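Below is one structure, written out as structure tokens, with a few remarks after it.
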Amino acid sequence: MTPAEKNTAFESVYDALVSDVYAYFNICFGALVAEDLTQEIFLRVWKAIDIGKIADNWRAWVFRCAVNLKNDYLRHAYADRGAQEKLMQNEGQPAADDMQRLSVRLAFDALDRDTRELLTLKNFGFTSEEIGTLLGISASAVRTRLQKAKQEFSKQLATEVL
């Protein structure tokens with residue numbers, strides 16, 4: 001693969017996925033951490049393309065990397081108490097005058113991290129089978145957890161709207 005072909009391949013993967021990867025990390029950790037982790041993911045994409053890796057499904061490959069990087073970040077964050085403060089930052093909140101968006105965001109933030117991740121992956125259009133592969137659980141378990149996650153989100157949203 002020529003350097004120009006590598007650049008084109010990287011740009012197409014980057015353009016297609018950067019906003020979804022950033023949104024995934026932003027939901028998990030907030031804007032500051034999301035920027036750093038998103039850069040790390042696309043550095044990995046660049047390195048993979050540079051050594052000639054051509055994924056059949058870049059979207060699945062990138063999100064598998066994102067899930068792994070999220071887990072690594074959490075392991076390090078819990079080991080380092082100072083990094084836990086960064087985990088709790090929640091930048092990028094909607095404007096206070098937009099009550100509906102604020103209610104949704106507050107309800108979503110009230111969910112545990114695993115539930116938010118599951119709902120986010122589903123919102124990005126992943127199937128139960130794909131989510132199961134990404135998270136290392138069965139598609140049946142994903143469907144069960146999604147049902148519970150939707151119920152929990154609805155309950156949280158009802159308390160936020162009141």
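So Ala55 fits all but one of (1) part of a helix (DSSP H, G or I); (2) open to solvent by less than 50 Å² (accessible area, probe 1.4 Å); what number is the exception?
(1)
Test Asp97 against the stated conditions and say whether it is at pLDDT 85 or above, of a type in the set (Asp, Glu) and farther than 19 Å from Ala141 by Cβ. Steps first, please.
Working: at pLDDT 85 or above: no; of a type in the set (Asp, Glu): yes; farther than 19 Å from Ala141 by Cβ: yes.
Spelling it out, it is not the case that Asp97 is at pLDDT 85 or above, of a type in the set (Asp, Glu) and farther than 19 Å from Ala141 by Cβ.
Is it the case, given these coordinates, that Thr159 is open to solvent by 10 Å² or more (accessible area, probe 1.4 Å), assigned to a helix (DSSP H, G or I) and either modelled with pLDDT under 90 or touching a strand residue (DSSP E or B) at 6+ places or on another chain (Cβ under 7 Å) (or both)? Working first, answer last.
On the way: open to solvent by 10 Å² or more (accessible area, probe 1.4 Å): yes; assigned to a helix (DSSP H, G or I): yes; either modelled with pLDDT under 90 or touching a strand residue (DSSP E or B) at 6+ places or on another chain (Cβ under 7 Å) (or both): yes.
It is true that Thr159 is open to solvent by 10 Å² or more (accessible area, probe 1.4 Å), assigned to a helix (DSSP H, G or I) and either modelled with pLDDT under 90 or touching a strand residue (DSSP E or B) at 6+ places or on another chain (Cβ under 7 Å) (or both).
Look at Val62 and say whether it is among the β-branched types (Val, Ile, Thr) and at pLDDT 90 or above.
yes
For segment 12-52: of the residues being touching a helix residue (DSSP H, G or I) at 6+ places or on another chain (Cβ under 7 Å) and among the charged types (D, E, K, R), which is surrounded by the fewest Cβ atoms within 10 Å (Cβ to Cβ)?
Out of the qualifying residues, it is Asp50.
Could you please find all residues in segment 115-147 being under 19 Å from Cys28 (Cα atoms) and surrounded by fewer than 12 Cβ atoms within 10 Å (Cβ to Cβ)?
Gly125, Gly136
Taking Gly82 as the residue in question, decide whether it is in a helix (DSSP H, G or I), at pLDDT 85 or above, more than 30 Å from Met1 (Cα to Cα) and small (Gly, Ala, Ser).
no
The values are calculated or read from the model by the stated rules, or taken from the named source; none is laboratory data. These numbers come from a predicted model, not from an experiment. Cβ sites come from the backbone with ideal geometry, for glycine too, and all protein chains shown count toward neighbours. These accessible areas exclude ligands, DNA and RNA; they are computed on the full protein's heavy atoms, side chains included. Shrake-Rupley method; radii C 1.70, N 1.55, O 1.52, S 1.80 Å.
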